[in-house]
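Down below is the structure, laid out as C-alpha cells.
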Amino acid sequence: MKKTSNVAELEAIAKQVRRDIVTMITAAKSGHPGGSLSAVEILVTLYFDKFQHDPSNPDWAHRDHFILSKGHAAPVLYSVLAECGYTPKDQLNHLRRLGSLYQGHPDVRFIPMLDASTGSLGQGLSFALGMGAAAKLDGRSSRIYCVLGDGEIQEGQIWEAAMFGAFHNVTNVVPIVDYNRIQLDGFVKDILDIEPLAAKWESFGYYPLEVDGHDIAALQAAFDDAAARTDKPTCIIAHTVKGKGVSFMEDNPKYHGSAPTAEELEKALAELA
Amino acid sequence: MPLSTTYELKAGMATREAFGRTLAELGKTNPHVVVCDADLSKSTMTHFFAQAFPERFFSCGIAEANMVGIAAGLAAAGKIPFASSFSAFVVNKGFEQLRTVVAYPGLNVKVVGTHSGISIGEDGPSQMSIEDIALACSLPGFAVLSPADELSMAACIRLAADTVGPFFIRAGRPKAKIIYDSADGFAVGGSRELLAGADLTLMAHGLMVAECILAAQTLDAEGVSARVVDMYSIKPLDRDAVVRAARETGAIVVAEEHLADGGLGVRVSQVVAQESPCPMEFVGLSGYAESGTPDELLDKYGMRASNVLAAARKVLARKS
C-alpha cells in the first residue's frame, strides 16, 4: 500500500471506498450503508495517512490499532483493509456470506488483525483502553483509535470507559464519535438525545475536538492534535452526514440498515464516478 | 471398614484470601500478570497485588462491564489479566461482555468471582451469586473452576495463569475447611477422589466438599462406603471420574452451593445419561436466600452434611 498525506489522493481513495461499500452491500442484499458511508474519511485518513502500520506485518508490536466499536459499519472497514492489502479485495462482494472473511460484523476469528470482534454496541472503547493501557505498560508507541456511533454512546458502558480513560490518562487511545445524527429508529435527537456532546466528553475528563468528519485536512489536524496532547485524552467528535456521497441516502434514516436495490446501486455508482 | 483417609477439616483461609495471596506471589514471577478490580479489592483480596505492583493494578471503579472490556483489551495486547469482583457483580453485570468480547474471540482473561453462594451471609441476596456457575459454563471455551480450600485455590489460580484461554474461578467469603496438604495434583479438567468408596459417590465443589466428607464419615459408621470426589473443575469436567463413579458405585449425589438448575449436577447428569445411567440426587439451592449469618443460612437453605446424608439415603434406596 502507498501511504499519503495528500488530501486529493486521500479523497480519491475515499471515493473508491464508497463505491466498494455500496457495491458489497448491494451484493449482500443486507447491511448498513448509511453509517459506513459517514465514516469513510475517518478511516481513510487513519489507515492511509496517520496510522503506524505495515500490512505485510500485522503482528508488528508497535503498530497502531483500530477498533470499530460501531461494528455494523463493517463494510467501510473491510473496504479499507482490502485497499491496504490486509485482505483480498476480490472477495469484498462475499460480504455476509457463509464462510466469508467479511462477516456481518467484524470478527477476529476470520480477520485476526482486527483485534476485537465488535457488533454488540458499547463495548469497543473499553477494549481499546485495555489495549492502550497494555501499550503504556510495555512502553510501546502504539496508538489505538476507536470509532463510536452516535447512537452507540447511549450505552452506559461507553461512559464507564470514558471515566476510566480520563482517570488513568490513557492518552494513546482516541475515541472518535461518528456523529451522523441518525440511528436505526430515526434521528438521535428524537430517540435519546446525546447533546450537549462536547460538554459531556469534557466533563468526563476528555479534551473534545469537533471537526467536519468529511474534511480530510481537518481530520489530519485533529489526529495530530490528539497525538500531541499528554495532559488528558482527546475525543474527536466528527460531524458527519449519514449516507454521505450518495444523494438519496444522505440524511435518510431508511439507509441506516437497508441495502440498495440494483437500480439504486447504479444511481449511486454514477454519483460516485 | 475404616475410611481411606482421615480429614480433620480445620478452618483455614478463605478461598478469596488464598486467591489474593497467590496473585501477589504470581506477580513476582510473571510480569505479564495484571489485575483489574471494581472497588472491592479489600474484599476480593486483590489489594495484596495492588500494594506490591501498583503499575499493574487497574482500579476500574464500580463499573464491571467496563472492567471486563479493559481486561479483554489487556489480554489482546499480551497481558494475563485477572479481573475480580464479587461473583454476583462481575458475572451478572459483565455477562454480555464476557460473551462477546472474551468468550467469542477466546481471549486470555481470568475472571475471579468472590463471595459466591449464600455463605456471604448478612449482605443478603443482592450480593449472593447462585447462578454464576450456570452462566460461566454457558460460555464456550471458558474453563470453570470452583476450589474447596486454600491450597486448591492457589493451585487453580496458578493453573489459570499458566493456561491460555478464558477462565472463571469461584471463591468464597468465609474461612474454608482445610482439605489438602499440598497444592500439587490439580489440573484443568481434573478431579480429586478424597475418599474411596463402593456403595455410592458424593460429588461436590467449593464448601460442599467438606460437607460431603462429613456425610461420608457418618455413612461409614453405618456401614455404607461412600466415595467422595472434589469436582473442582466444573468445566471441562472429568468425565472419566463421573463414568467410574456411575459404573463402580451405581449411585451419585451432587452437592453444591449454587442453584441445582444449571450447576455441576446438571453437567454430571449429562455424562451419566450418556455413558452409564444410574440413580442421582442433588443438593443445591432452589431460589434466592436472605440475610443471616453464614451458618444460619447454610442450615436453613440445606447446605449441610445432613442434607447430603438425606440425599445419599434417598439415592441408595433408589439404587436397591
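Quick look at the numbers
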read-out	value
Lone qualifier among A:S126, A:S79, A:S120 - being in contact (Cβ under 8 Å) with a residue 24 or more places away in the chain and more than 8 Å from chain B (Cβ to nearest Cβ)	A:S79
Pairs where the first residue, in segment A:162-185, is within 13 Å of chain B (Cβ to nearest Cβ) and buried (at least 24 other Cβ atoms within 10 Å of the Cβ) and the second is among the β-branched types (V, I, T) and in a helix (DSSP H, G or I), C-beta under 7 Å, 6+ apart	A:F164/B:I70
Residue check, A:A27 in contact (Cβ under 8 Å) with a residue 24 or more places away in the chain and touching a helix residue (DSSP H, G or I) at 6+ places or on another chain (Cβ under 6 Å)	yes
Criterion violated by A:D59 - all others in (1) modelled with pLDDT under 95; (2) on the phi > 0 side of the Ramachandran plot satisfied	(2)
Failed item in (1) crowded, with 21+ Cβ neighbours inside 10 Å; (2) basic (K, R); (3) under 30 Å from B:E55 (Cβ atoms), with A:K242 passing the rest	(3)
Residue match in segment A:88-98 (condition: among the polar types (S, T, N, Q), more than 9 Å from every other protein chain (Cβ to nearest Cβ), without any contact (Cβ under 8 Å) to a residue 24 or more places away in the chain and on the phi < 0 side of the Ramachandran plot)	yes
Residues that are charged (D, E, K, R) and surrounded by 24 or more Cβ atoms within 10 Å (Cβ to Cβ), drawn from segment A:42-90	A:K70
Residues satisfying the stated conditions in segment B:48-64, i.e. assigned to a helix (DSSP H, G or I) and either out of contact with any strand residue (DSSP E or B) (no Cβ under 9 Å at 6 or more places or on another chain) or surrounded by fewer than 17 Cβ atoms within 10 Å (Cβ to Cβ) (or both)	B:F48, B:Q51, B:A52, B:P54, B:E55
Within segment B:107-159, tally of residues that are touching a strand residue (DSSP E or B) at 6+ places or on another chain (Cβ under 7 Å) and free of Cβ contacts under 8 Å to residues at least 60 places away in the same chain	7
In segment A:28-50, the residues that are farther than 15 Å from A:G124 by Cβ and touching a strand residue (DSSP E or B) at 6+ places or on another chain (Cβ under 7 Å)	A:G34, A:S38
Residue check, A:L137 in contact with a Cys (Cβ under 8 Å, 6 or more places away or on another chain), among the hydrophobic types (A, V, I, L, M, F, W, C) and either within 8 Å of chain B (Cβ to nearest Cβ) or within 17 Å of A:V188 (Cα to Cα) (or both)	no
Top-ranked residue in segment B:103-116 [being surrounded by 24 or more Cβ atoms within 10 Å (Cβ to Cβ) and not in a loop (DSSP other than H, G, I, E, B); ranked as farthest from the other protein chains (Cβ to nearest Cβ)]	B:S116
Criterion violated by B:T100 - all others in (1) among the β-branched types (V, I, T); (2) within 13 Å of B:R16 (Cβ to Cβ); (3) within 11 Å of chain A (Cβ to nearest Cβ) satisfied	(2)
Residue check for B:A83: modelled with pLDDT of 95 or more, out of contact with any strand residue (DSSP E or B) (no Cβ under 7 Å at 6 or more places or on another chain) and under 18 Å from A:F164 (Cβ atoms)	no
Selection status of A:R109, more than 9 Å from chain B (Cβ to nearest Cβ) and either of a type in the set (D, E, K, R) or in a helix (DSSP H, G or I) (or both)	no
Any pair with Cβ under 7 angstrom, 6 or more apart, that starts in segment B:52-73 at a residue that is facing chain A (nearest Cβ under 7 Å) and ends at one that is surrounded by fewer than 24 Cβ atoms within 10 Å (Cβ to Cβ) and basic (K, R)	B:A65/B:K93
Residue in segment B:77-97 that is surrounded by the most Cβ atoms within 10 Å (Cβ to Cβ), counting only those that are part of a helix (DSSP H, G or I) and within 11 Å of another protein chain (Cβ to nearest Cβ)	B:Q97
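Results for (1) touching a Ser or Thr at 6+ places or on another chain (Cβ under 7 Å); (2) surrounded by 18 or more Cβ atoms within 10 Å (Cβ to Cβ), shown as yes or no for each residue.
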residue: A:I194; (1), (2): no, yes
residue: A:H214; (1), (2): yes, yes
residue: A:E250; (1), (2): no, no
residue: A:G257; (1), (2): no, no
residue: A:E263; (1), (2): no, no
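To keep it simple, each residue is scored yes or no on (1) touching a strand residue (DSSP E or B) at 6+ places or on another chain (Cβ under 6 Å); (2) buried (at least 18 other Cβ atoms within 10 Å of the Cβ).
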site	(1), (2)
B:Y7	no, yes
B:A14	yes, yes
B:R21	no, yes
B:E25	no, no
B:P31	no, no
B:V35	yes, yes
B:D39	no, no
B:T46	yes, yes
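The values are calculated or read from the model by the stated rules, or taken from the named source; none is laboratory data. As the structure is a prediction and not an experimental result, all values here were calculated from the model. For neighbour counting, all protein chains shown are included, and Cβ atoms are generated from backbone atoms with ideal geometry for every residue, glycine included.
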